[in-house]
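Participant: To start, I am sharing the structure in question, which I have written as structure tokens.
The values are calculated or read from the model by the stated rules, or taken from the named source; none is laboratory data. On a predicted model such as this, the values are computed, not experimentally measured, just so you know. Using ideal geometry, Cβ is built from the backbone for each residue, glycine included, and neighbour counts are taken over all protein chains shown.
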Amino acid sequence: MTRESVEPWLAASVILCSCAIPAGHPAIGAFPGLALGRIWAAPCPPSMGVWSRPLTRPAGRPIMPQTPGCHEPGGRSKGRGSLVARIEGAALYELVGWRDAVVAPDACAGIRPAEARENLLMLLSDDGRHGVAHWPAARNPTAVCDLGWLVGVDPRALFDFSGSRVRRSHTHAERLRTVRSLDVALLDLCAQAEGVPVWRLLGGEARPTVPAYDSTLYFEDLVSDESGPEHVVARAHQAIARGHRRLKIKVGRGHKWMEWPACTERDVEVALAVREAVGPKVELMVDANGGYTDYIEDAADFLTETACCRFVWAEEMVAGYQVAGLKAALKARGLEIPLAGGEGASTAAWCRESWPSVPLDVLQMDMCATGFLEWLEIADFACEHGLRIAPHNFGTQLGVAASLHLGKAVAEYLYCETDDSRFDAYRLPGFVLAAGEFSVPDSPGLGVVIEDPRDPPPA
């Protein structure tokens, strides 16, 4: 599938307001979790282009009124700025983009199409700005609830800016914890209002550029009967050509695709082939998606036979309850390979409850499901226990932008996960990858350039 064959368009546009969604509405199919909230939706055919226009509210269904208590008397925000910019609405869009090739299988999933999709949440303020974020509805459908309480609120009133980094305000802390991914779009608006990049709100500059890695090396050797390890190597060369100097290789073929011992032998063969092809200066890591669960010794065998690859980390080799066993098996063999995981979790509370019984060295909660402020708490936990963080992110460039802002500000941050998905609905002009490092823009907000659907379409 080529870029030309995937015309980016919005499958649906959604305005959150005070009416219940009717049963059987097409938006339920596009965004299953939204059926739990209060929304109005209108389908958008491909002929309408990238955006559904105009962004209007249905007659007789007003946006919910401003939540009282969010502003001080006289209309001044409790935030730092003197000008009040209130949220006037929210919209949710499904974007369709493309990848360079199909996504080959991994330990758990089969082949996925080259078509890329992501959910874009846009918060619209009455001063013409918009804050954006990837909305991980599929990961947390019950969290897609009524956002009408945001209408009329200055987003800066939701946060405390009095310290060295932003925190949730005491008044709204529980509400923001319930929908953690919401703070990405809210802080985008706040940073724009203050005229600073988001990373400054998160604590300031911890590093000049942010290291990143490519995560597109799947089981290309299993796509067809003619495929082999050389097809994984080809993907590695493509990632290097895009500017990467760090690559993650999927392993765990024995979980559902190959019989033992051929599965482990192929995992070893592919890892060694990639190392030989890219040379010693490119950093490598592996991700089994839990594919070695219940086979700790096989996982240890794989990591022993590929010790020359010098993996930065081994990710989700086994399920969480077997991480301690794998670490002990590696120690018995004289190996010290950092173990990474936590992708399915999204809170600092999980870290406090699970560690050290799940003795991970690198914490990888999903960037979009976790949000900025929860990640700051996780980073504090990592600092306290000598761990590192490397947020999971796949299939969303909005997630890449958010992760890079976090990495710019947090010393415990290791690498940003990226892939080859692309979307025409927005651009990231200030984020430049060179020799494995991303620059992060100083422009206000997230630095995502996106067409505001309230603007008239171009002639």
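Participant: Which numbered condition trips up VAL251, out of (1) surrounded by 24 or more Cβ atoms within 10 Å (Cβ to Cβ); (2) modelled with pLDDT under 95; (3) of a type outside the set (Asp, Glu)?
Facilitator: In the conditions (1) surrounded by 24 or more Cβ atoms within 10 Å (Cβ to Cβ); (2) modelled with pLDDT under 95; (3) of a type outside the set (Asp, Glu), VAL251 misses (2) alone.
Participant: From the list ALA379, ALA402, ALA409, exactly one residue is at pLDDT 95 or above, aliphatic (A, V, I, L, M), out of contact with any Pro (no Cβ under 8 Å at 6 or more places or on another chain) and over 25 Å from GLU316 (Cβ atoms). Which is it?
Facilitator: Details: ALA379 fails: over 25 Å from GLU316 (Cβ atoms); ALA402 fails: over 25 Å from GLU316 (Cβ atoms).
Unique residue meeting the criteria: ALA409.
Participant: Would you confirm, using the coordinates I've provided, whether LEU360 is under 24 Å from the mean Cα position of the chain (by Cα), under 30 Å from ALA173 (Cβ atoms) and in the same structural domain as VAL233 (by TED's automatic domain parsing)?
Facilitator: Numbers: under 24 Å from the mean Cα position of the chain (by Cα): yes; under 30 Å from ALA173 (Cβ atoms): yes; in the same structural domain as VAL233 (by TED's automatic domain parsing): yes.
In short, yes.
Participant: Specify which of the listed residues (ARG156, ARG175, ARG180, ARG139) is crowded, with 22+ Cβ neighbours inside 10 Å, outside any strand (DSSP E or B), at pLDDT below 90 and not assigned by TED's automatic domain parsing to the domain that holds GLN397. If you could, list the steps in order and put the result at the bottom.
Facilitator: Values: ARG156 fails: at pLDDT below 90; ARG175 fails: crowded, with 22+ Cβ neighbours inside 10 Å; ARG139 fails: crowded, with 22+ Cβ neighbours inside 10 Å.
ARG180 is the lone residue from the list that is crowded, with 22+ Cβ neighbours inside 10 Å, outside any strand (DSSP E or B), at pLDDT below 90 and not assigned by TED's automatic domain parsing to the domain that holds GLN397.
Participant: Given the criterion within 21 Å of the chain's Cα centre (by Cα) and surrounded by 19 or more Cβ atoms within 10 Å (Cβ to Cβ), identify the matching residue among LEU217, LEU222.
Facilitator: Values: LEU222 fails: within 21 Å of the chain's Cα centre (by Cα).
Among LEU217, LEU222, only LEU217 is within 21 Å of the chain's Cα centre (by Cα) and surrounded by 19 or more Cβ atoms within 10 Å (Cβ to Cβ).
Participant: Listed residues ARG310, ARG235, ARG253; which is basic (Lys, Arg), over 20 Å from LEU222 (Cβ atoms) and in contact with a helix residue (DSSP H, G or I) (Cβ under 9 Å, 6 or more places away or on another chain)?
Facilitator: Working: ARG235 fails: over 20 Å from LEU222 (Cβ atoms); ARG253 fails: over 20 Å from LEU222 (Cβ atoms).
Selected residue: ARG310, the only one of ARG310, ARG235, ARG253 that is basic (Lys, Arg), over 20 Å from LEU222 (Cβ atoms) and in contact with a helix residue (DSSP H, G or I) (Cβ under 9 Å, 6 or more places away or on another chain).
Participant: While we're looking at this one, here's another question. Which of (1) aliphatic (A, V, I, L, M); (2) closer than 22 Å to GLN397 by Cβ; (3) free of Cβ contacts under 8 Å to residues at least 24 places away in the same chain does LEU202 not meet, given it meets every other one?
Facilitator: LEU202 satisfies all of (1) aliphatic (A, V, I, L, M); (2) closer than 22 Å to GLN397 by Cβ; (3) free of Cβ contacts under 8 Å to residues at least 24 places away in the same chain except (3).
Participant: May I pose another question? Quick check on my filter: what residues within the range 417-441 are among the charged types (D, E, K, R) and over 26 Å from MET365 (Cα atoms)?
Facilitator: Restricting attention to the range 417-441, the residues satisfying the condition of being among the charged types (D, E, K, R) are 417, 419-420, 422, 424, 427, 437.
Passing the criteria: only ASP424.
Participant: Also, I was wondering about something else. For the range 278-292, which positions are small (Gly, Ala, Ser) and surrounded by 21 or more Cβ atoms within 10 Å (Cβ to Cβ)? Outline the logic, then answer.
Facilitator: In the first step, residues of the range 278-292 are kept if they are small (Gly, Ala, Ser); the result is 279, 288, 290-291.
Scanning the range 278-292 gives ALA288, GLY290, GLY291.
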